[in-house]
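A short worksheet on the structure shown next.
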Amino acid sequence: MSGLGMVLNIATTALAAQQYGMDVTGHNIANVNTEGYSRQSPTLEPKQALLYQGMLLGRGVKTEQVTRSVDQFVENNLMREKSSMLSSKEMEKYMQVLEGIFSENSGTSISAMLSDYWNLWNDISNNPSGSSERIALYEHSVLMSNQFKSLGPDLNQIQTDITNAVTVGVERINQITSEIAQINIKIVGMEANNVANDLRDKRNALVSEFNEYLNVKTFEQSNHSLSIVAARGCPLVQGDSNYELEMGGDRVKWQDSGGNYVDITNYITNGKLGGWLDLRDKIIAKYELDLDAMAKEFIWSVNQQHSQGVGLEGFSTVTGTYSVTNSSAAITASGLSYQDKVDDSDKEFKIWLFDTNGDPYDSDPGTVGLQGNPIAITVTSGMTVDQLVTEIDNGTGVQASLDRGEIATLGSLAFSDDNSNVLAALGVNTFFSGSTAGDISVNSTIVADKNHIAAAQIDATTGEFASGDNDNALAMTDLQYMSMDISQWTCDRINGNTEGSFTTTIENYYHSMVGSIGIVSSSISRDVDFNEMMVDKLNTLRNSISAVSLDEEMTNLIKYQHAYQAAAKLITISDEMLNTLISAR
């Protein structure tokens, strides 16, 4: 190649290189506001030198490739922190709803209603025969029961809303995996000799959005396709194939190519799905169990004490509110809601009988003391419900029926001195029915007749009771100060739920539960603040590496423009030199 020919060739490569530079710069400027776009730069390299007249002379420049300005380590950390941030943000949003449900800032809060409940029992103790006090206690108890029952549907609604959100999230995840698989095909086809920068940016943006829903691991294969693996090692994208997630009820399941399902619900961490599932299956589940545990112990303590007393009159018929699943089994294994509370170590309870005038029944008035009254029923070890019914039915003047679940007499009857807890476990002479926050109600016997609110206790010597007696009402009032063992739950999505125990009063337990909700909410809010700070810092770092700076691009434009002008000038000068040589001939 002649000297002038070489100069012209060098000038041509210079023009092409600067043109490429201007094209890339223009592409950067056009995508300055494109989400996920990474700044691109041409990589210029000198062409291989050529031996000419004994000297190695350069042959100009070539554009080796166009590279993305990206640090994958920073990108991965940003995705991970975003995943954690969105997990905490979704939890924070629903925790605010949960705090509202258990708000203590109104007179209808459980805490306030419990306090009023004990105060109304105190009012009855001051006037045991007063009808207005009994009606007030009954009406307040109905309102309190309804308040307890409203908490369950409120919590269930949050869980339903979360499950719906998870379903929508799963649908979006499936769309993303499908798109990534299609991009993999294009990248593999285009990157035989080049780098598909824009497609890589698009794929990276989809992976970033993927991490907003759940935390995944990504691996780039030798053919430049991207593999994505979710919880329990379940692949979601492999080359040009994607595997979908499905909702099975409220569970997230992965399906392999053979149609087999793997439940990955409990193993999903971080991202919106991780936050939703933690809240639904860990936090809300715990407070549902704790609320039921508190309600169960509250119902039991009230019923157990109430069953020891008597109202303004006895019962002609009394029906138990709790049913058994197996009457031939031991009472302690019969399916009663409170079967574990029964003490069958030869404990007993007494049934007192009264004639139609309300006087204690005496089978032999000529003998000192009541004869044939009361009927003492001993609960022996392993006693079945059938045997208990038979034992009561054998008592003179009283009939018991398992089918109707009732005890009846011609006059009236009442109960006392039950240290076996059988009466409360059967729901006989109790104040509440139900055993959870979702089914607590005032006993239908009291609903029908407020005179059966047991404020008095029977005199163990004479068998009499007075309308002005307040012994049982005082004992009921004192329940608010009684410490008892109440179940406290720890819920874990992987290891399951663990039941512990907390010894305290009913009200203190509820205060502790509400306080715990506040503590959890505050902790989540702190996590949000921390994660937002980390995301902001990583975003700043990422932008410093990958974002397009218009000032910088304008500088590059001027640089390439001047270089282009210089290359063009070189061609002009070479042309003039060539014309001079031609003219000289």
key: Inter-residue pairs, beta-carbon under 6 Å, first on the phi > 0 side of the Ramachandran plot and in region 31-46, second among the acidic types (Asp, Glu), 6+ apart   = 36/201
key: Counted residues, region 466-500 - those being open to solvent by less than 70 Å² (accessible area, probe 1.4 Å), assigned to a strand (DSSP E or B) and either at positive phi or touching a Gly at 6+ places or on another chain (Cβ under 9 Å) (or both)   = 4
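Can you pull out the residues in region 141-192 that are of a type in the set (S, T, N, Q), within 30 Å of residue 223 (Cβ to Cβ) and surrounded by 18 or more Cβ atoms within 10 Å (Cβ to Cβ)?
Those that are of a type in the set (S, T, N, Q), within 30 Å of residue 223 (Cβ to Cβ) and surrounded by 18 or more Cβ atoms within 10 Å (Cβ to Cβ): 177, 184.
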inquiry  = If a residue must be polar (S, T, N, Q), closer than 17 Å to residue 196 by Cβ and open to solvent by less than 60 Å² (accessible area, probe 1.4 Å), how many such residues does region 53-77 contain?
reply    = 3
note = Given (1) in contact with an Asp or Glu (Cβ under 7 Å, 6 or more places away or on another chain); (2) over 30 Å from residue 452 (Cα atoms), residue 98 misses just (1)
request  = Collect the residues in region 537-578 that are acidic (Asp, Glu) and under 27 Å from residue 67 (Cβ atoms), keeping them in residue-number order.
outcome  = 551, 552, 553
note = Within region 527-580, of all residues that are within 51 Å of the chain's Cα centre (by Cα) and of a type in the set (Lys, Arg), the one nearest to residue 5 (Cα to Cα) is 542
ask   = Could you list, in sequence order, the residues of region 501-513 that are touching an Asp or Glu at 6+ places or on another chain (Cβ under 8 Å) and either on the phi > 0 side of the Ramachandran plot or surrounded by fewer than 17 Cβ atoms within 10 Å (Cβ to Cβ) (or both)?
value = 501, 503
message = Show the residue pairs meeting these rules: Cβ distance below 9 Å; 6+ apart or different chains; first residue within region 185-214 and in contact (Cβ under 8 Å) with a residue 60 or more places away in the chain and farther than 22 Å from residue 43 by Cβ; second residue open to solvent by 80 Å² or more (accessible area, probe 1.4 Å) and assigned to a helix (DSSP H, G or I).
response = 211/80
query = Would you pick out the residues in region 178-221 that are outside any loop (DSSP other than H, G, I, E, B), β-branched (Val, Ile, Thr) and under 18 Å from residue 80 (Cα atoms)?
reply = 207, 218
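How many residues are closer than 15 Å to residue 214 by Cα and in contact with a helix residue (DSSP H, G or I) (Cβ under 8 Å, 6 or more places away or on another chain) if we restrict to region 227-242?
Looking only at that region, the number is 5.
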ask   = Looking only at residues in region 249-275 that are in contact with a Phe, Trp or Tyr (Cβ under 8 Å, 6 or more places away or on another chain) and closer than 15 Å to residue 162 by Cα, which one is surrounded by the most Cβ atoms within 10 Å (Cβ to Cβ)?
value = 273
query = Would region 226-248 turn up any residue that is in contact (Cβ under 8 Å) with a residue 12 or more places away in the chain and in a helix (DSSP H, G or I)?
reply = yes
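What number of residues in region 321-331 are farther than 15 Å from residue 428 by Cβ and open to solvent by less than 50 Å² (accessible area, probe 1.4 Å)?
Of all residues in region 321-331, those farther than 15 Å from residue 428 by Cβ come to 325-330.
Checking the rest, the ones that are also open to solvent by less than 50 Å² (accessible area, probe 1.4 Å) come to 327, 329-330.
Count: 3.
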key: Single residue of 15, 50, 44 found to be hydrophobic (A, V, I, L, M, F, W, C), open to solvent by less than 40 Å² (accessible area, probe 1.4 Å) and in contact with a helix residue (DSSP H, G or I) (Cβ under 8 Å, 6 or more places away or on another chain)   = 15
ask   = When only residues in region 286-320 that are out of contact with any helix residue (DSSP H, G or I) (no Cβ under 8 Å at 6 or more places or on another chain) and of a type in the set (A, V, I, L, M, F, W, C) count, which is most open to solvent (accessible area, probe 1.4 Å)?
value = 289
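Residues of region 439-465 being open to solvent by less than 10 Å² (accessible area, probe 1.4 Å), in a loop (DSSP other than H, G, I, E, B) and either in contact with an Asp or Glu (Cβ under 6 Å, 6 or more places away or on another chain) or not polar (S, T, N, Q) (or both), which ones? Steps first, please.
Kept after step one, since they are open to solvent by less than 10 Å² (accessible area, probe 1.4 Å), are these residues of region 439-465: 440, 443, 446, 453-456, 463.
Next, from what is left, pick out any that are in a loop (DSSP other than H, G, I, E, B): 440, 443, 453-455, 463.
Of everything in region 439-465, those that are open to solvent by less than 10 Å² (accessible area, probe 1.4 Å), in a loop (DSSP other than H, G, I, E, B) and either in contact with an Asp or Glu (Cβ under 6 Å, 6 or more places away or on another chain) or not polar (S, T, N, Q) (or both) turn out to be 440, 453, 454, 455, 463.
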request  = Can you tell me which residue among 349, 298 is modelled with pLDDT under 95 and not aliphatic (A, V, I, L, M)?
outcome  = 349
query = For the subset of region 165-184 comprising residues that are within 22 Å of the chain's Cα centre (by Cα) and free of Cβ contacts under 8 Å to residues at least 12 places away in the same chain, which member is nearest to residue 226 (Cα to Cα)?
reply = 171
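The values are calculated or read from the model by the stated rules, or taken from the named source; none is laboratory data. Keep in mind that this is a model prediction, so the values were computed, not measured. Backbone-built Cβ (ideal geometry, glycine too); neighbour counts: all protein chains shown. Surface accessibility is based on the protein's heavy atoms, side chains included, excluding ligands, DNA and RNA. Shrake-Rupley method; radii C 1.70, N 1.55, O 1.52, S 1.80 Å.
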